[in-house]
Amino acid sequence: MTKGNFYITTPIYYPSDKLHIGHSYTTVAADAMARYKRLKGFDVMFLTGTDEHGQKIQRIADEKGVTPKAYVDNIVGGIKKLWELMKISNDKFIRTTDPYHERAVQKIFKRLYDQGDIYKSEYEGWYCTPCESFWTQTQLNDNKCPDCGRPVELTKEESYFFRLSKYQNALIQYIEEHPEFIQPESRRNEMMNNFLKVGLEDLCVSRTTFDWGIPVEFDKGHVVYVWIDALSNYITALGYLSEDESLFEKFWPANVHLVGKEIVRFHTIIWPAMLMALGLPLPKQVFGHGWLVLAGGKMSKSKGNVVDPVVLVKKYGLDAIRYFLLREVPFGSDGLFSNEALIGRINADLANDLGNLVSRTVAMIDKYFDGIIPDERAEGDFDQDLMETVLAAPAKVDEKMDSLEFSAALVEIWKAISRTNKYIDETAPWLLAKDESQKPRLAQVMYNLAESIRIVSVLIQPFMVETPEKIWEQLGILDAKETQWDSVYSWGGYQSGNRVQKGVVLFPRIDLEQEMEDLSKLETGKDLSKQKKAGKKTDHQEKEEKKEQEDSLITIDDFAKIQFRTVTVIEAEKVEGADKLLKLKVRMGDEVRQVVSGIAKYYTPEEIIGKNLILVANLKPVKLRGIESQGMILAASDDNTLSLVTLDKALQSGLKVT
RNA sequence: GGCGGCGUAGCUCAGCUGGCUAGAGCAUGCGGUUCAUACCCGCAGUGUCGUUGGUUCAAAUCCAAUCGCCGCUACCA
């Protein structure tokens with residue numbers, strides 16, 4: 001009886017910290033899609049979960065003095081609660097620490113090894129300890145960690161590698177033959193131009209430097225590194241390589257993996273290559289959505305942007321938040337998240353348009369007909385136009401949903417709402433009510449209003465999860481037939497005899513100014529400027545923004561470890577072939593040091609000679625573009641300008657700075 | 001540096017393969033209405049469509065250059 005199967009996934013989130021509104025964004029979108037497909041009669045599998053291994057979690061757990069498992073159990077509990085709060089209708093929640101997943105990952109790893117797609121070698125790379133990331137020489141930025149800009153160390157590690165390079169051509173061909181595979185299109189171009197066409201390198205898929213991961217069965221000391229562990233969740237969740245593969249057979253390949261744009265690459269290159277190696281079909285689509293970005297950095301504090309979804313839901317109601325997330329930003333683009341925008345949407349779309357429409361309609365039916373619309377009705381002007389407009393919505397919603405245009409789908413529904421509000425003005429029921437002979441006409445008008453609202457209430461079900469029922473209650477809709485998706489393609493589903501009932505205000509209006517004040521108070525003590533992007537970041541690749549805060553306090557001893565010295569620049573020249581680098585010779589007392597510094601865009605060699613600067617003198621020397629740099633010059637920069645830290649008064653070089 | 005994208009009313013944006021007096025929502029002003037959550041309905045705008053050239057009977061829409069912003073990515077010693 002079903003229309004077919006539909007498998008949709010969110011990324012599995014990294015439970016190193018509480019989730020924020022960006023995570024909710026992805027998950028609510030997936031939820032809306034899953035609900036929509038269920039309403040359409042599909043057999044849906046909606047998967048979400050958590051990616052729980054890795055060094056970062058191990059380290060955080062260590063710091064807190066708990067086991068990694070205990071640590072993630074706690075966080076995952078919170079995540080599950082959040083999804084309950086947001087009424088996420090996932091059919092399954094996978095944790096990469098689930099035993100069935102671990103077993104399947106081991107089997108996958110073994111299989112790929114046995115067939116030669118994984119081989120053992122040595123990983124030589126530059127390691128950034130704070131970020132726990134390896135980088136290749138070419139990834140480095142001025143020989144520093146491209147993520148955090150701190151120095152990296154050359155490290156060797158025995159590792160297993162996945163032959164990603166082998167699948168390069170097959171991937172290119174697949175992507176070219178399946179233009180719908182990577183969406184939106186701009187992401188496809190990025191993957192093609194930046195990775196596939198320039199060539200893929202084999203991928204390191206095991207680690208020996210930590211043990212919080214799935215052990216490689218046949219080689220103790222190695223744990224499976226993120227890729228095979230995390231990405232395979234999409235199939236292990238379905239029982240792939242378990243005793244019961246029936247779900248896998250039923251739902252794979254997935255219809256769509258919803259991911260944030262920052263992890264499109266993993267899902268469109270690494271993951272498909274893994275699947276090819278396993279001889280499995282590829283997911284039909286990977287959709288990389290945009291980020292919700294917090295409104296302007298320095299403004300955000302004073303404007304008090306709240307990004308904790310729990311707080312938002314409690315404050316404004318679940319449906320308001322879900323509506324905002326899906327409505328405000330076209331799904332493929334980035335969008336601004338601000339409390340003003342949120343409140344604006346709530347007031348304009350939800351309170352004024354939808355909520356008020358329901359309220360006024362119910363009030364009129366109640367007032368004019370004691371709650372039940374009489375069967376004796378008379379058609380009149382505007383009826384036809386109303387019907388046409390409202391009935392046009394379902395097909396448009398279908399069309400938009402099929403391409404994951406949630407925002408556009410909601411726009412279509414709201415056109416119907418607007419049309420209905422206008423219809424009230426056109427028909428002026430309060431005038432009809434004054435004339436006894438117009439009762440049948442008034443009844444028809446009331447019926448049309450009720451029916452329009454009924455259709456709208458059915459259409460909003462994928463997006464809003466509490467409001468539809470509240471509306472049905474007020475309209476006196478009891479029969480499930482009236483709330484089925486199929487019932488909105490024709491007029492007349494609202495049944496005679498339904499008794500309307502005034503109810504609670506669906507969406508109370510919010511006083512914007514008052515609210516912004518409250519929010520600022522709520523935010524005191526919290527520094528949101530650190531959190532510029534509320535977008536979801538799920539992987540081990542995630543940058544750690546909190547680290548700065550955690551590590552921000554040092555002792556005087558820590559400070560003493562760094563030797564700052566005054567120096568004078570005696571020579572300077574551009575580094576051949578590098579845009580950003582200047583090679584400096586500096587005098588430090590009797591000593592002359594060679595320093596390479598990434599300031600070429602801001603200083604010419606000529607202007608820097610003779611300057612008195614501060615050098616970090618005991619920094620481990622590194623080679624930058626083959627030139628040894630014996631220290632680091634201090635400078636400050638904002639987005640546009642960089643300024644060297646110079647001495648206010650002329651002093652000799654070589655002095656200690658304390 | 002390479003690839004891609006963006007720059008349109010105060011704000012957020014629509015405007016596909018060039019063609020009626022350049023649109024929507026929000027905000028603003030005015031008018032109407034009273035069933036309703038001071039709501040709804042109507043009307044009114046303002047825009048050198050980033051800048052400069054070019055193609056064309058005709059360009060916001062195509063081409064070139066340029067400025068500004070953003071995304072991905074990189075440095076060829």
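Below, the figures for the structure above:
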read-out	value
HN-Hα J in Hz across the range A:391-399 - Karplus 6.51, -1.76, 1.60, θ = phi - 60°, x for Gly and Pro	6, 6, 4, x, 5, 5, 4, 4, 4
Nonlocal amide H pairs with A:Ser206, under 5 Å, H built at 1.01 Å	A:Tyr160, A:Tyr225
Computed E for A:Val198/A:Leu431 - FRET, C-beta separation, R0 51 angstrom, nearest 0.05	0.10
Approximate spin-label separation A:His178-A:Glu573, in nm, with each point projected 7 Å along Cα-to-Cβ	5.4
With 10 Å bins from 0: P(r) over the range A:434-498, alpha-carbon pairs, percent	21, 51, 20, 7, 1
Segments A:67-76, A:319-328 sorted - mean Cβ within 10 Å per residue, highest first	A:319-328, A:67-76
At 0.692 mPa s and 37 °C, Stokes D of the range A:32-130 from Kirkwood alpha-carbon radius, µm² per second	195
Cα→Cβ-extended label distance, 7 Å offset, between A:Ala341 and A:Glu217, nm	4.9
Cleavage-rule hits, GluC sites (Glu not before Pro), the range A:220-269, DSSP coil, Cβ neighbours within 10 Å at most 12	A:Glu243
Amide H contacts of A:Arg95 (H built 1.01 Å from N, under 5 Å, at least 5 apart or other chain)	A:Thr50
Three-way shape call for the range A:230-295 based on the alpha-carbon gyration tensor, with the a/c threshold at 1.5	prolate
Gain upon complete extension [A:Glu157, A:Gln563; 0.36 nm per residue less C-alpha separation]	143.0 nm
Size of charge dipole - the range A:414-486 - debye, nearest 20, with Cβ of Lys, Arg +1 and Asp, Glu -1, no other charges	240
Cα centre as origin, Lys/Arg/Asp/Glu Cβ charges: the range A:319-462 dipole, Debye	300
Loop-located chymotrypsin sites (Phe, Trp or Tyr not before Pro) in the range A:174-219 whose Cβ has at most 11 other Cβ within 10 Å (DSSP)	A:Phe218
Calculated P(r) tail over 19 Å for the range A:347-489, as whole % of Cα pairs	50
Karplus 3J(HN,Hα) series, Hz, for the range A:341-350 with 6.51 cos²θ - 1.76 cosθ + 1.60 (x for Gly, Pro)	4, 4, 5, x, 5, 4, 5, 6, 7, 8
Distance from the range A:172-251 to the range A:257-280 (C-alpha centre basis), Å	5
About the Cα centre, charge dipole magnitude for the range A:150-286 (Lys/Arg +1, Asp/Glu -1 at Cβ), debye	440
Long-range amide H partners of A:Val286 with built H, under 5 Å	A:Ile182, A:Gln183, A:His257
Calculated FRET value between A:Thr2 and A:Lys481, using beta carbons and R₀ = 22 Å, to 0.05	0.70
Vicinal HN-Hα couplings computed from phi for the range A:234-251 (Karplus, 6.51 cos²θ - 1.76 cosθ + 1.60; Hz; Gly/Pro x)	5, 9, 5, 4, 8, x, 4, 6, 10, 5, 10, 9, 5, 5, 4, 5, 6, 9
Virtual spin-label span in nm between A:Asp402 and A:Leu647, 7 Å along Cα→Cβ	7.4
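Read the figures in this text as sums done on the coordinates, not as results from a lab. Computed from a predicted model, the values in this text were never measured in an experiment. Using ideal geometry, Cβ is built from the backbone for each residue, glycine included, and neighbour counts are taken over all protein chains shown.
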